[in-house]
Amino acid sequence: MEIKLYSKIKNILCNPSGLHDFVKKQQNCSMGQLTEEDTILQIKIAERIQFLRLKTGLSQTDFAQKYHIDRQVVNRWESTRNKRGVTVYSIQKFCRMLDITLQEFFDDDKFKEKNV
């Protein structure tokens, strides 16, 4: 399952048509509701963002000030209750702030667990 998830994420992030295909496929299902798998992934992404931000030693407010973004944006990225989740573009922006790659972001044990 972890290889399937990694392959799915890599296809979406690294292949422009992969993102298009993913969105097209999602439009054929109920976009209003996340699957359990989607919700688990959303929570893991939010937790990873929070972990990496905390690793900088900065509060949400200080992080936002340092990178010239609104504190509410940081809060939204770290929220596990946000029904929409975080876009790949927001993850990319966050990675640039920390000077890490998307691969480094997702190269964490939490994304290798069997329940995703």
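May I ask for the percentage of alpha-carbon pairs in the range 32-72 that lie more than 14 Å from each other? Each step should come with its number before you reach the end.
Working: 471 of 820 pairs.
Pairs farther apart than 14 Å: 57 percent.
May I ask you to rank Ile91, Ile40 by accessible area, largest first, using a 1.4 Å probe over the protein chains only?
Numbers: Ile91 5, Ile40 40 Å².
My answer, sorted largest first, is Ile40, Ile91.
For Thr101, what accessible area in Å² do you get when you roll a 1.4 Å probe over the heavy atoms of the protein chains, rounding to the nearest 10?
Accessible area, nearest 10 Å²: 70 Å².
Past 21 Å, Cα to Cα: identify those pairs from Lys44/Lys93; Lys55/Lys93; Lys55/Lys110; Lys55/Lys83, in the order given. Kindly include the intermediate steps, with their values, before the conclusion.
Details: Lys44/Lys93 17 Å; Lys55/Lys93 17 Å; Lys55/Lys110 16 Å; Lys55/Lys83 26 Å.
Listed pairs above 21 Å: Lys55/Lys83.
Compute the whole-percent fraction of alpha carbon pairs in the range 38-116 spaced more than 19 Å apart. Show your work: numbers first, answer last.
Working: 948 of 3081 pairs.
Across the range 38-116, Cα pairs with separations above 19 Å total 31 percent.
The values are calculated or read from the model by the stated rules, or taken from the named source; none is laboratory data. This is a predicted model, so every value here is computed, not measured. Note: areas computed on protein heavy atoms with side chains; ligands, DNA, RNA excluded. Shrake-Rupley method; radii C 1.70, N 1.55, O 1.52, S 1.80 Å.
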